[in-house]
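Asker: Would you mind keeping the following structure in view while I ask a few things?
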């Protein structure tokens, strides 16, 4: 039996709507250079309002939320045979204003022009054999990337509980003694081991060669070597038992001779001053979610050991600590209370303590200078953050609406630098004003 639509033929008046729909679908298909590679275009937009108050002044900036910044990309894969596959990934990030670098003087966070606009996040190819695993080559993520950030909830899109620098920690420190901002360029994120990344967290944005094993009983092993002379290895696990979903990971990163990544105290010294065993880090995290009740817990921790500090000119012969340590937790409820999408309500805490960012100096006359004279080096830093937030998913629009608040407080100990550039003077505290941050916005995937 032939349907009436088929009898009259495509293009007839009865099929005008069908013709229009076919044309619409055809216009949405990404054009391919060949039929062998299956191509997928994807991306997201994540823009927000960031409000801040530093104890004396406050404002609201429009920013790109760097917790999961706006991006677009293309992924492709081709089946070679029943066992082998090849593919690629090309991903471009976009920032109109950088949420982790804006400060009291700069609402765009573009002191470095590379911090806004377009940036290349990933350009890599891979080959995969279903029993042997995957070999990836190119600019991509290291094996330990996100190893301290396991998260099964919506908060990973706007309020990562471990990588706290992404939410407004580019704000400059303000002295609690005289109320002035530092003129030495020290921001809150620079109290976290100087680089802003939490100890134990892996690298991204470097050229790597990475191996990823097949998943066996929920476990997956990965390892990578970077052209910036680092190596790392990570083990991840995923499982779901009834209503309980669980994921976890642990990793280790070390430096090769001649390392150039800013992981150690003396990263600016050059390859001749580097020894493989002088600097390393390890980290891990887990996330557990009960889908029936909606209760969840995210937890991450990391340790960095930087023995090279004791070999730098500033800190040679001193008892400066050579470790940096953090832990962070986020807990709450995430459940689909409404047909609209999942609702997430949570609280969080972050704690960091460790050796100061040893490339930072408080100059004479600076607001943070304990005596007003001489240069002082960061000796010890600590950051404590507590926060809370709410998010609402909108499934029909692939959207997450969010609102997050964080209260930031910190410790800064300084030691005076002698005339020869060595640290030989007294140790003093530089009291800091607290920082309050609110970020609200929306993420839309496509």
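Asker: Would you please put 90-98, 113-121, 373-381 in order of how densely packed they are, using the mean number of other Cβ atoms within 10 angstrom per residue and starting with the highest?
Answerer: Ranking the peptides 90-98, 113-121, 373-381 by packing returns 373-381, 90-98, 113-121.
Asker: List residues of region 34-67, by number, whose backbone nitrogen lies under 20 Å from a label position 7 Å along Cα→C-beta of residue 107.
Answerer: Output list for this probe position: 46-66.
Asker: Using helices alone, what [θ] at 222 nm do you get for the chain, with -39,500 (n - 2.57) per DSSP H run of 4 or more residues, divided over all residues and rounded to the nearest 500?
Answerer: Helices in the chain give a 222 nm mean residue ellipticity of -1000 deg cm²/dmol.
Asker: Counting only Cα, what are the radius of gyration and maximum Cα-Cα distance Dmax of the chain, in Å?
Answerer: Gyration radius and largest Cα-Cα distance of the chain: 25.0, 97 Å.
Asker: To continue, here is another question. Highest mean first, what order results for 163-176, 220-233 on Cβ atoms within 10 Å?
Answerer: 163-176, 220-233
Asker: First measure r as the distance between the Cβ atoms of residue 123 and residue 291, then evaluate 1/(1 + (r/R0)^6) with R0 = 51 Å and state the FRET efficiency to the nearest 0.05.
Answerer: The calculated FRET efficiency here is 0.90.
Asker: Per-residue counts of other Cβ atoms within 10 Å, averaged by peptide: what ranking do you get for 138-146, 205-213, 77-85, 433-441, highest first?
Answerer: Per-residue mean Cβ counts within 10 Å order the peptides as 138-146, 433-441, 205-213, 77-85.
Asker: How far, in nm, would the chain grow between residue 83 and residue 445 when pulled straight, counting 0.36 nm per residue and subtracting the alpha carbon separation?
Answerer: Working it through step by step, the gained length comes to 127.1 nm.
Readers should treat all values here as calculations from the given coordinates under stated rules, not as data from a laboratory. Note that the structure is predicted; figures quoted are calculated from it, not measured. Reconstructed Cβ throughout: ideal geometry from the backbone, glycine too, with neighbour counts over all protein chains shown.
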